[in-house]
Amino acid sequence: MGTDEPIYRVQDLVRVFSHGPQPVTAVDRVSFEVPAGQRLGIVGESGSGKSTLIRMMAGLRRPSSGDIVFRGQSIVGRRESELAWLRRGVQLVFQDPRSSLDPRMKVADIIAEPLRSKIWKGTQRPDPASRVVDLMARVGLEPADRNRYPHQFSGGQRQRIAIARALAPSPQVLIADEAVSALDVSVRAQVLNLFGELVADQGLTLIFVSHDLSVVRHMCDAVLVMHAGRIVEAGPIEQIYLDPQHSYTRQLIASVPRLRRG
Amino acid sequence: MRRNPALLIGAAMVALVVVFALISAVWTPYNPTEVTPGRLLPPSTAHLMGTDGFGQDIASRVLVGARSCLLVGVVAVGIGALLGVPLGVTAAVNQHSWLGTVIMRATDIVYAFPALLLAIILAAARGSGSTVTAMTAIGIASIPAFARVSRGAALQVLSQDYIIAARSAGTTPGGIAWRHVLPNITPVVLVQASVSFGLAILAEAALSYLGLGTPPTTPTWGRMIYESQPYLYTNLNLALWPGLFIAIAVLGFNLLGDGLRELVDPTLQDVR
Amino acid sequence: MTDDLLTIDDLSVRFPGNRHPAVDRISLRIGRGERVGLIGESGSGKSVTALAVMGLLADNAKTTGSIRWQGDELLGMHDAQYSRLRGEQISMVFQEPMTALDPTMRTGRQVAEVLRLHGGAPAGEARSRVLQTLAKVGIGDPQRVADSFPYQLSGGQRQRVLIAMALINTPDLLICDEPTTALDVTVQARVLELLQGGLDLAGSALLFISHDLAVVSQMVDRIAVIYEGRIVESGTRSQILNAPQHPYTAGLIATADLANVPAGGRLPVLDDFWKRTDRGH
């Protein structure tokens, strides 16, 4: 694999849900590439398909058709047992800090879960106990608190626990799914700074999903704007922000609440 | 006591029943099945709870009856939970496939059979009723309740983000069921267990009453109530004691279930 | 002074088992037609304050102080009397539209219920009033929405129904507690716009509660900042946002505006301005 190979290549990806009375096309022929080390934003609202898209990229949902190539290998159509390398390489941070941590597990066990599963067959498994301490310190939590339960932490701290868990297997890609949307605005900055530091320190590829374009503008180099399952606009963030081409993008930019000082 | 009164009161009541059962294994004031001429005697220092229509000492029979009560309750709840909970969790995990549907429809069918009917069928198959047929019948009849309740709770748990996180961490479906689903449905299962225990005791009483349960020679609280029927208007004593202890056992297990549920909930361990 | 609708004086609310009061001696005044914002983080006591005004606190809450509504003391008022105020003179819009609506009742009926409870319309007129109000809050197809169940509507539509319910009796005061926090950003913008319009038409005063300073600043003329149950600063919007006196307020302002920092740079955090007590964040 050459150094120019994108870490992700998504081709003609489609996902249709046929549960309800009418089939819903959540993702409608999406194609794009993510260079290694890029900070990519995916912006769109509920129903835009962004959550379904990233779950497919993380191998947690099967596409209806199309291909996803991660580090040169296709991940579509594979059995779970063949995806251990994907699990080690791509991790998610979810939106709701209340439901993304098992309320009955101690924080140490939550963070160590990726280190105790069967994805380490054939490779060196890091020592869970010491890794937990390192990770907690890295995300700004007190390692002495590792035997506590999630409800004993605040929302911002719980997101840090979730980030520590995501970093445990030393992934190459971190996917943040509305990771700050459920936090108070005043707490957001801390968690965003943490993302920024970690991505820079460890050379991670960051895929940051949000409905808030101002957050994406701060965090990312490039952005995909999704609407009704399609990518309606894509490109470098400043260009999109200053010169939006698509009406939906313009609507998104106009909707960001601004501080009215006057 | 203020923190968890249900647990303590429930435990005390259950302990009483357990103590009775244990004592009866080594000693009873009189032989519980010894017929004596002293029939229908009121409570006295000689017979603390009086005697019944055959002159048998009621207190001794109550002690021995505690054994059957616990045995039936534990076995029935045991069968119900050990079979019902895995069925419910499996149905939840396979919610969208045929397996989930088949499991729930099968439990619906069993649900439709009252324990009584099952006991009659089993008794007929064996030739006559016995403790084992009674326990088995009640146990099978408890399975659907556990399956339903487990499935509902498991579905709730499975919709949480931490389950997706577990998959992303590489945890197997079995690992997810064991490490995430079961601990989080425990409170619900405990409540169901305490309810089912109470129902099992009552069901056993009904079966004994109808002669479908334990053989006539074994005193059970249900049988004692059956035998007290002819004397209900004259010697309330005979029905009172077994009835009282059935009530204590059922209430005790219900409270214990509530108390245990609070105890195992980590979110309630904090006092700010 | 005589134009004051709501006067909160030295209000404190304590819950058993908690060391600190949820609300600690706060005072606030809202005049007729005034728009006031209460800004604070989760757990600051802002929602408890709103519930105290509405008389909706749990039975085990201990309240002291005074809440006067047009001269009458609300604390200790019997629930029967309170019910006459709620929905008619003081209305509230909550954060979660899905749980605030009865899932088994069509939305039109729910809006009509609020109307009828306060004798707002003679029989037969209720439906047209409901449809009118739904149209006023920007629902494009009032007939269809009125005949739908909550689950058939989008989050934005549900929130608009809640606003319709709150405004249909033209209350003197509307309290909104994080009304748009659960909505997508384009829907939020639309709902806030409609809320402004609805308030203009009804002439109601507004108490807008949120953790999002940018949103609050769009809706109000005066701002009070609440932290750990206490109001640390209050003043006009311009005063607060341009010349904050308290470091916590300065911190809230700095963290509200991501655009001030070059992309990828370190964002200012609350701790830069105000060190918290050890309640943990």
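Worth a mention:
- Condition met for B:GLN192 (of a type in the set (S, T, N, Q) and surrounded by fewer than 18 Cβ atoms within 10 Å (Cβ to Cβ)): no
- Residue that is nearest to C:LYS275 (Cα to Cα), among those in segment A:205-215 that are hydrophobic (A, V, I, L, M, F, W, C) and in a helix (DSSP H, G or I): A:VAL215
- For beta carbons closer than 7 Å, sequence separation of 6+ or different chains, a first residue in segment A:35-52 that is within 13 Å of A:ILE175 (Cβ to Cβ) and a second that is basic (Lys, Arg) and assigned to a helix (DSSP H, G or I), the qualifying pairs are A:ILE42/A:LYS50.
- Only listed residue being assigned to a helix (DSSP H, G or I) and either at pLDDT 90 or above or under 22 Å from C:LEU207 (Cβ atoms) (or both), chosen from C:GLN132, C:GLN143, C:GLN95, C:GLN157: C:GLN143
- Candidate set: segment C:256-281, residues that are in contact with a Leu (Cβ under 6 Å, 6 or more places away or on another chain) and in contact (Cβ under 8 Å) with a residue 24 or more places away in the chain; chosen: the one farthest from C:ARG19 (Cα to Cα): C:ASP257
- Test set (1) hydrophobic (A, V, I, L, M, F, W, C); (2) under 18 Å from the mean Cα position of the chain (by Cα); (3) surrounded by fewer than 16 Cβ atoms within 10 Å (Cβ to Cβ) - C:ALA259 fails condition number: (2)
- Subset tally (residues that are away from chain C (no Cβ under 11 Å), assigned to a loop (DSSP other than H, G, I, E, B) and either buried (at least 24 other Cβ atoms within 10 Å of the Cβ) or over 13 Å from the mean Cα position of the chain (by Cα) (or both)) for segment A:150-186: 4
- Candidates in segment A:228-262 are the residues that are aliphatic (A, V, I, L, M) and under 27 Å from C:SER238 (Cα atoms); of these, the one that is farthest from the other protein chains (Cβ to nearest Cβ) is A:ILE253.
- The residues on offer are C:LEU241, C:LEU252, and the sole one that is among the hydrophobic types (A, V, I, L, M, F, W, C) and in contact (Cβ under 8 Å) with a residue 60 or more places away in the chain is C:LEU252.
- Selected residue (criterion: nearest to A:GLY37 (Cα to Cα)) from residues of segment A:205-227 that are polar (S, T, N, Q) and within 13 Å of chain C (Cβ to nearest Cβ): A:SER210
- Selection of segment A:61-86 for residues being crowded, with 17+ Cβ neighbours inside 10 Å and either aliphatic (A, V, I, L, M) or within 9 Å of chain B (Cβ to nearest Cβ) (or both) yields A:ILE68, A:VAL69, A:ILE75, A:LEU83, A:ALA84, A:LEU86.
- Check on C:LEU241, within 29 Å of C:PHE15 (Cβ to Cβ), within 9 Å of chain A (Cβ to nearest Cβ), touching a Ser or Thr at 6+ places or on another chain (Cβ under 9 Å) and of a type outside the set (Asp, Glu): no
- Residue within segment B:134-157 that is away from chain A (no Cβ under 14 Å), in contact with a Pro (Cβ under 9 Å, 6 or more places away or on another chain) and either surrounded by fewer than 21 Cβ atoms within 10 Å (Cβ to Cβ) or of a type in the set (Phe, Trp, Tyr) (or both) present: no
- Residue pairs whose Cβ atoms lie under 9 Å apart, separated by 6 or more positions or on different chains, with the first residue in segment C:198-226 and within 16 Å of C:GLN159 (Cβ to Cβ) and the second buried (at least 22 other Cβ atoms within 10 Å of the Cβ) and among the hydroxyl-bearing types (Ser, Thr, Tyr), are C:GLY198/C:THR133; C:GLY198/C:SER204; C:ILE209/C:THR49; C:SER210/C:THR180; C:ASP212/C:THR180; C:VAL215/C:THR180; C:MET219/C:SER210.
- Segment A:87-113, residues that are more than 7 Å from chain B (Cβ to nearest Cβ) and buried (at least 24 other Cβ atoms within 10 Å of the Cβ): A:VAL90, A:VAL93, A:PRO97, A:VAL107, A:ILE110, A:ILE111, A:ALA112
- Residue list for segment B:195-234, restricted to those being aliphatic (A, V, I, L, M), surrounded by fewer than 24 Cβ atoms within 10 Å (Cβ to Cβ) and assigned to a helix (DSSP H, G or I): B:VAL195, B:LEU199, B:LEU202, B:ALA206, B:ILE225
- Enumeration of residues in segment C:246-279 that are of a type in the set (A, V, I, L, M) and at the interface with chain A (Cβ under 9 Å from one of its Cβ atoms): C:LEU252, C:ILE253, C:ALA254, C:ALA256, C:LEU258, C:ALA259, C:VAL261, C:ALA263, C:LEU267, C:VAL269, C:LEU270
- Qualifying residue in segment A:187-204 (condition: assigned to a loop (DSSP other than H, G, I, E, B), within 9 Å of chain C (Cβ to nearest Cβ) and surrounded by fewer than 19 Cβ atoms within 10 Å (Cβ to Cβ)): no
- Test result for B:VAL181, modelled with pLDDT of 90 or more and under 30 Å from A:PRO171 (Cα atoms): yes
- A:SER117 at the interface with another protein chain (Cβ under 8 Å from one of its Cβ atoms), farther than 21 Å from A:ALA182 by Cβ and of a type in the set (Gly, Ala, Ser): yes
The values are calculated or read from the model by the stated rules, or taken from the named source; none is laboratory data. Only a predicted model underlies this, so the values are computations on that prediction, with no experimental measurement involved. Ideal geometry is used to build each Cβ from the backbone, glycine not excepted, and the neighbour counts take in all protein chains shown.
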